[in-house]
Amino acid sequence: MAAINPNSSTFNPVLFGSLLVFFFFLPATQAQPNSQLSPGQILADGNTLVSPGGIFELGFFSPGKSTHRYVGIWYYNFSTSTVLWVANPVSPVLDTSGSLAIAGDGNLVVLDGRKAVLWSSKLGSLPSNESTAELLDTGNFMLNNSGDTVWQSFDHPSDTYLPGMKVGLDLVTNVNQVFTSWRSDDDPAPGNFTMGVAPDQSTQIFIWEQGKPRWRSGRWNGQVFLGIQNMVPTYIYGFKLNNFEQDKKMYFYYSQFNSSHRYVLMPDGIERHLIWANNTKNWFQFWAQPVPQCEFYNRCGTNATCTDSADGNSPTCSCLKGFERVNGNSTGGCVRRTPLQCERSRGNTTAGGGGEQDGFYLMQGVKLPDLSYWFYGPSDESQCEEACLTNCSCKAYSYATGIGCLIWGRELVDIHMFSSGGSDFYLRLAGSEFDNSKKGIKGYVIVIIVLSALVLFVGAIFLLWKNRSRIEELYRKLMKRQESLVDRSRSGGDESRGGISTVIDMHEEGKDGPPDVPLFTFQAIEDATASFSPSNLLGEGGFGPVYKGTLPGGQDIAVKRLSRNSGQGMEEFKNEVILIAKLQHRNLVRLLGYCIRRDDKMLVYEYMANRSLDGFIFADTSRRLLLDWKMRFSIIEGIARGLLYLHRDSRLRIIHRDLKASNILLDESMNPKISDFGMARIFGSDGNETSTKRVVGTYGYMSPEYAMQGLFSVKSDVYSFGVLLIEIVSGKRNSTYYNSELSLNLLGSAWKLWNEDNVMEVVDSSMRNSCSIREVSRCINVGLLCIQDRANDRPTMSSVITMLESENYVHPTPRQPTFPADISTSGTNSSTSDAKFVSGNASITMLSGR
Ligand code: ACK
C-alpha cells in the first residue's frame, strides 16, 4: 500500500473567494478533531476528520511518489500510512487547492481550486439539501439526509475490506460490489484486478483479471472455503456468510468487529489478510491467497487436473480418468473417451461403451471444480450419488459437509489436486471405463477372500488340536483371576482397584505390549463420587466435568466425565486411554482406569492434591505467594522433563498439542504432572511437521504454524512450553495480558524487557524478592527461544533442559516474536469450548486461554 502525505498542503484562503457559485462554505473547525462535516462546511486540503474513537482519519493525501491529491481514509491510531478508501481515484486534484464539501443539493463533492466538481456521491436530488457526513469508528464515511443514511463509503469499496463491511452480490439487481486493486502504489486508479462474490451465487470469492477469472476460493461450507488448501477457521475467525435468501444480498462479513484486521487486494492481484501487530508497530501478514500455478483459474483446461510441482512453478496437467487430450495441447483441456450410458441411449451410439451402467470414479484431495450446483434434497452421500445417476446431465458429484450434495452438469473446470486436504469428488464414467480394473479386481478379490478363509479355517483347526492342553491351562488361569477380582470387589477392594469388574486389554492399536487398562464399573464410580455429587465437582475441563472420588480402599481419584457434546468422541477417548496407559513418568498424571456406560465415557485418574497450576500462578495473591521462585523453577523443570519423555524417551513419541497451565496438575509435594492427552498424537521417529484439518488447542498457546496452517510437530509443543514458562515466571496469562505502557502483549513485552536487561519487570511481583536474577534471566531466555515464530528456530526439549540446568551454557539470542498471540477475540477465563465446528472433513475446537 502506498505511503501517504496528508499534510503537504496548507489551508488555502482562496476557497473563500467569490468563485462559489452555488455553495456557501465555512471551514470545518479543526481545533479539536472533528468527525463530522455539516452543511455549508468544507474540508480543505490539510485538514482532516477523525472518527469519534480516534481510530480512522479522512482527508487529502498523495500516494507514494505521486503529487496528486486524493480524498481518502486511513488509520489515525496506527503509525502507518495505509489508505483504506479513496473517494476520487480517477480524478485527483492536481495541486493542494482541493476541498471536500457537502454541495447545495446535499451531495458529497470533491472540488478543485476553481470549485469544479471532480467527484460526487451522485445521488440526484435528495429529500433535503441539509446533509451531514460523518466518519465512524468502523472506517465508514456516511452521508445522512433527513435522518436516513443515503450514501456510505462501505458501499463503494476501494481495494480494502474492513471488518464491518458488507459488500457482495445483490441478488435482486445482480449488481456485484467488488474490490478493485490500485493501478500501482502511486496510483489508486482501478488496476487490473477485482475481487468479489461469484455472480452465480455459489458462495465463492473470485479474483478477476480484466474481467476474467484468475483465482477462486471454492465454496464456503459455513466455516472454511473448500478450495483453499488446508484452510482452518482460525484464519478468519468470526467470518460469516449472511442469510442471503432473507437479505436478498449475498455477502461475507465479520461477526466480531476488530479494527486491526484488513484484507487488501494488492496491485499484483494477490489478496492478503493483514493484522496490525502492536509489538512491531507494523502489519503482520496473517494469510495470503495461494499462488502456485495450479491456483490460476483453469490452468490445465477443461476436464483436466492440475498438480503442482514442489516449487509450485511447473504444474503437471493430466486428463481426468476416461478423458483424452484435445489436439495434444496440454492446457487445451480434454474430452470424454466413452459417452455416458444415457447419452448413448439418447442416440449417440457411435463411440461404443457397451450396455453397462455408468459408474463413479472417486478422486480424493481435490479442489472441487467450478460451476457446481447445489442439489437440494439428498441428505447423505449415497442419496447424492443416486441423484446424480438418475440425472443424465450430471457429470460428477461430491457430498460436502456443511453444504450437502453438489453436482456438476457442465464441463469440469479448474481442478487442482491438492497435496493434502481437499475434498472427495466422484466422477461419472461409462461402465466400460471401469471394465479392466473394476471387474478384474472384483473377481480376484472374491477368489482371494474365499481362499484365505479356507486356509485360516484349516489352520485354526490344526492349531486348536495341537494346543488343546495349553488352552485348557489358560482358561483355568482366567477363571481364577476373575474369581479373585470379584472377591476383591466384594470385600471393598484393595487400595487402588476398588470396583474394577474386568481388566480390559486396549491392545487394539497394535503397538508393542500395552499394559492392561482397568475397566471400572459404573456402580463403582457412582459409589466413589457419591453419585457425582455437586460437592465432589472439582471443575469443568475442556471436555466435561471432573469429580473427586474415593475408592473403597481409601484412595482418592479424579473422574473426568466426558460430556456427550464435548467433542471428545470415542476416538479421542480411546486415544487418551491407550496413550496414558502406556506412559509412565513422574511428570505425567497416571490413569487408573476408565469406565464406559452407553454414551457415558469416564477416565479415572490419580487425584492430585494441589490440583492445577493455573489455580496458583494466576490466582489472588495468597495462593500465588505459595509459589516462590525455587518452586516455580522446579515446576518448569518437571514440565520440561515430562515433555521430553513424551517427545523422545517414551516408547510412543507423542505430541501433546494442548499444553497449558490448566493441564499441569500438582501433587501433594507440588510435583507437576502433565495431564489431558485427549488431543495428543503419536508421531514418527523424525518428529517432522504433520498437518491436520482438525485444529485443536488453546489460544495463547498455539504456535503460529499450527494456528494458521494446522501444521503441528514437537516444535508446536515447544512453543506452548515457552508460553507456559513465561506465564509461570510472570504470573500473567498470555491470552489476556496487555502491557499498555509498552503497547505489547505478554510475549512481546517479555522479549522487550529481557532485551533491555530489565528482566525483573517480567517477574511476578509476588516473588521478586525470592528469585535469582541470573536464573530468571536464563529461564526467560529459554522461554523466548521456544516462542520464536519459526518452528526451526525453536530448541528441542532436550536442549531446553540442558539450557535450563547449566549455568555456563551460552544461550542463543531469541528472535523477536511477531505472531500476535492475542488473535483470539475471546478473553474469558473459562476452559470450556468457545466454539466447536464440524466442517467438511475438518473439526475444529478452539479453547480460550485457561
Ligand atoms: O484447576 P482445578 O482445581 O484442577 O480444576 C480443574 C478441574 O478438575 C477441571 O479440569 C481439576 N482436576 C482435573 N484433573 C484432576 C486430578 N487428577 N486431580 C485433581 N484435580 C483435577 C482441575
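Roll a 1.4 angstrom probe over the protein heavy atoms and tell me the percent of accessible area of the range 33-156 that is carbon or sulfur. List each step's numbers first, then the result.
On the way: 2100 of 4310 Å².
Carbon with sulfur: 49 percent of the solvent-accessible area.
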Cβ-derived FRET efficiency at R0 56 Å, Ser770 paired with Phe360, nearest 0.05: 0.20
29 Å Cα-Cα threshold exceeded, pairs from Lys115/Lys281; Lys166/Lys367; Lys249/Lys281: Lys115/Lys281; Lys249/Lys281
Rounded to the nearest 20 debye, dipole of the range 161-290 from Cβ charges on Lys, Arg, Asp, Glu: 260 debye
Pairwise label distance in nanometres, Ser38 with Thr173, each label 7 Å out on the Cα-Cβ vector: 3.2 nm
Under Karplus coefficients 6.51, -1.76 and 1.60, residue-wise ³J(HN,Hα) of the range 125-136 in Hz, glycine/proline x: 8, 9, x, 9, 8, 9, 8, 10, 10, 9, 8, 9
Relative contact order, percent, the range 180-249 [alpha-carbon distance under 8 Å, six or more residues apart]: 16 percent
Estimated vicinal HN-Hα couplings, Hz - the range 241-246 in sequence order (Karplus 6.51, -1.76, 1.60; Gly, Pro = x): 9, 6, 7, 6, 5, 7
Relative contact order (percent, whole number), the range 151-211, Cα cutoff 8 Å, 6+ residue spacing: 24 percent
Cα gyration tensor shape for the range 294-435, rounded if a/c is under 1.5, else prolate or oblate: oblate
Difference of contour (0.36 nm per residue) and Cα-Cα distance, Val90 to Cys392: 103.7 nm
DSSP-defined antiparallel bridges as percent of all bridges, the range 294-435, nearest 5: 90 percent
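Which entries in Lys321/Lys574; Lys240/Lys601; Lys240/Lys715; Lys560/Lys582; Lys673/Lys732 show an alpha-carbon gap greater than 28 Å?
Lys321/Lys574; Lys240/Lys601; Lys240/Lys715
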The range 33-156: relative contact order as a whole-number percent, Cα under 8 Å and 6+ apart: 24 percent
Amide H contacts of Arg428 (H built 1.01 Å from N, under 5 Å, at least 5 apart or other chain): Tyr361, Ala396, Tyr397
Sequence ranges 777-784, 716-723, ranked by mean other-Cβ count within 10 angstrom, highest first: 716-723, 777-784
Integer Hz, Karplus 6.51/-1.76/1.60 couplings in order for the range 412-420, x for Gly and Pro: 8, 10, 6, 10, 10, 8, 6, 7, 8
The range 161-290 shape via C-alpha gyration tensor axes, a/c threshold 1.5: oblate
The range 33-156: C-alpha gyration tensor shape, a/c 1.5 cut-off, then a/b vs b/c: oblate
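The values are calculated or read from the model by the stated rules, or taken from the named source; none is laboratory data. Just so you know, these numbers come straight off a predicted model, no measurement behind them. With ideal geometry, Cβ positions are generated from the backbone for all residues, glycine too; neighbour counts draw on all protein chains shown. The area values use the complete protein model at the heavy-atom level, side chains included, leaving out ligands, DNA and RNA. Shrake-Rupley method; radii C 1.70, N 1.55, O 1.52, S 1.80 Å.
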